[in-house]
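Inspection log for the structure reproduced underneath, given as structure tokens.
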Amino acid sequence: MNSRTARPSRDDRLAAAASEWIGGPAGRHAGAEPMRWWGPLRVTLAVACFVLALGFIADKPCHDASWASRDDPTVWTAMCYSDVPFLYRERGFADGEIAYVDRALEYPVFTGAVMQASAYVAQTAQSVADPDPDDRRLAEGVRFYEFTALLMGIAALVVVVATARTVPRRPWDAMLVAASPVLLLSATINWDLLAVAMTSVAILAWTRERSAWAGVLIGLGAATKLYPVLLLGPMLLVAMRAPDRAAALGRLGVTAGAAVVTWLAVNIPVAMVAREGWASFFEFNADRGAEFGSIWHALEILGDTFGIAIFAGQDINRLAVGAGLILLGLIIVLAVVAPEPARLAQLAFLAVAAFVLINKVWSPQYTLWLLPLAVLAHPRWRELLVWQAAEVVYFVAVWLHLAGFYGEPIISAEIYALSIVLRVVALIWLAGFVVRDVLHPEHDPVRAYVSDPQEARPELATGRRGVR
């Protein structure tokens, strides 16, 4: 096992080239990080705060206009759209209604609880700041956005810390989260960073053998956005190939049990009080068709362009489930045939990527689900930046496409569909590198630095190093 702290300027070709602007890569004889206040974690947290602040500033055109109407094309052309202030007015919070009880809500219950609490904070803050605004609903919606942005910023910092701590000898990898274009553009669109933070800390807890805490966080994450429950599958695959399989499966049992108990503890009270409102989330997702960002939507657009009824008479739910089962089978085969046990982060990234690829909707902020997993799975600057460049292209395309619904078209539907295809290809391309690292462990940039036996066996510490 490598006992030194990884230095991107030595280990990564793109990082080495970029470091020439600040004096070049770290020297061959550089020792361990000196004990100083501005260590890797504090630097990455500072960068994350700067990026989040830039994202908040980028929303200023909409903030100044109070997100008054979706019919205003500048909401889209300024690329500052957020679900948050609109949902404050559209889901009854502005009218004092209680989520699930008085109004159905298409979000899991923990997200609904955060929204409800944020609404109370927003109303109180507005009463203190300006008790008689021109339009109370708009003013409170802006306060609702501001408080939500603060919560998402805290969640993002938690993700950065968890990423830095999961592989302690690679703390600088967290910079790939902190300085991410995806984080800058998508942090405040919705509440997804709450689930991302819980997922990241759950992985950290698992690697530190805090099995029950990992389960609690997975359960809470699944009550926020369903995708964190996907961690249990990769954990099972890792446990099946652990040197002490019985102990690993025992840990997994504790994690899975804690996840189930936590999810039930959060959901049952709401289901008992407001069953129809609680069930609306599940009904909404079962009934929705192919929507923005999904490959299914892109195929529908391109099919219409060429006069081909691609999904005529077919149930997209069945197609998505079928494609998901195929990808799941491939991940299982990969975990079984790998010459050495795959790391949890590698399998988790592939599982969530598969889910996103086959999902009926792929909103811009869903890429935040993948960001820390991608960094832990394959922390290479070039691949991660190319993947995120495709996401930036899609981010621009989707807002310009939506602007055409409320004014003159700016880009064609076909261009928008091609931007979806681009992001799909980019994600598959990145996943290909992760698969290669699993099949050829000597290429894995993380394995030599991992000390947790659940992540990588110590005897693989001689993996190939150096700049690529």
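The values are calculated or read from the model by the stated rules, or taken from the named source; none is laboratory data. Values in this document were obtained by computation on a predicted structure and should not be read as measured data. Ideal geometry is used to build each Cβ from the backbone, glycine not excepted, and the neighbour counts take in all protein chains shown. These accessible areas exclude ligands, DNA and RNA; they are computed on the full protein's heavy atoms, side chains included. Shrake-Rupley method; radii C 1.70, N 1.55, O 1.52, S 1.80 Å.
Key figures for this structure:
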{"item": "Matching entry among V160, V260, V270, V167 (being surrounded by fewer than 18 Cβ atoms within 10 Å (Cβ to Cβ) and β-branched (V, I, T))", "result": "V260"}
{"item": "Subset of the range 199-212 [touching a residue at least 12 places away in the same chain (Cβ under 8 Å) and either surrounded by fewer than 23 Cβ atoms within 10 Å (Cβ to Cβ) or farther than 10 Å from T255 by Cα (or both)]", "result": "T199, S200, V201, I203, L204, A205, T207, R208, E209, S211, A212"}
{"item": "Matching residues, the range 178-196, being open to solvent by 10 Å² or more (accessible area, probe 1.4 Å) and assigned to a helix (DSSP H, G or I)", "result": "P181, L184, L185, L194"}
{"item": "Qualifying residues in the range 213-239 (those that are open to solvent by less than 20 Å² (accessible area, probe 1.4 Å) and among the aliphatic types (A, V, I, L, M)) - the one nearest to T148 (Cα to Cα)", "result": "A223"}
{"item": "Test set (1) over 30 Å from N267 (Cα atoms); (2) modelled with pLDDT under 95 - G92 fails condition number", "result": "(1)"}
{"item": "Residue list for the range 328-361, filter: part of a helix (DSSP H, G or I) and within 15 Å of I295 (Cα to Cα)", "result": "A353, A354, F355, V356, L357, I358"}
{"item": "Where a residue in the range 122-139 is within 16 Å of D95 (Cβ to Cβ) and its partner, wherever it lies, is among the hydroxyl-bearing types (S, T, Y), with Cβ under 6 Å and at least six apart", "result": "L138/S66"}
{"item": "Cross-chain or 6+ apart pairs with Cβ under 8 Å, the range 102-119 first and more than 13 Å from V84 (Cα to Cα) and of a type in the set (K, R), then at pLDDT 90 or above and in a helix (DSSP H, G or I)", "result": "R103/G277"}
{"item": "Wholly enclosed helices (runs of 4 or more DSSP H) of the range 229-293 bearing at least 3 residues farther than 28 Å from L204 by Cβ", "result": "245-273, 275-287"}
{"item": "First in the range 58-70 and within 12 Å of Y81 (Cβ to Cβ), second anywhere and assigned to a helix (DSSP H, G or I) and not small (G, A, S), Cβ under 7 Å, 6 or more apart", "result": "P61/T74; C62/V75; H63/V142; W67/V75; W67/P85; W67/F86; R70/F86"}
{"item": "Residues of the range 410-468 classified as modelled with pLDDT under 90 and among the small types (G, A, S), total", "result": "6"}
{"item": "Residue within the range 196-217 that is among the β-branched types (V, I, T) and modelled with pLDDT under 95 present", "result": "yes"}
{"item": "Flag for E300 being acidic (D, E), buried (at least 17 other Cβ atoms within 10 Å of the Cβ) and not in a helix (DSSP H, G or I)", "result": "no"}
{"item": "Failed item in (1) without any contact (Cβ under 8 Å) to a residue 24 or more places away in the chain; (2) within 25 Å of F395 (Cβ to Cβ), with I326 passing the rest", "result": "(2)"}
{"item": "Residue match in the range 84-91 (condition: assigned to a helix (DSSP H, G or I), of a type outside the set (F, W, Y) and more than 24 Å from the chain's Cα centre (by Cα))", "result": "yes"}
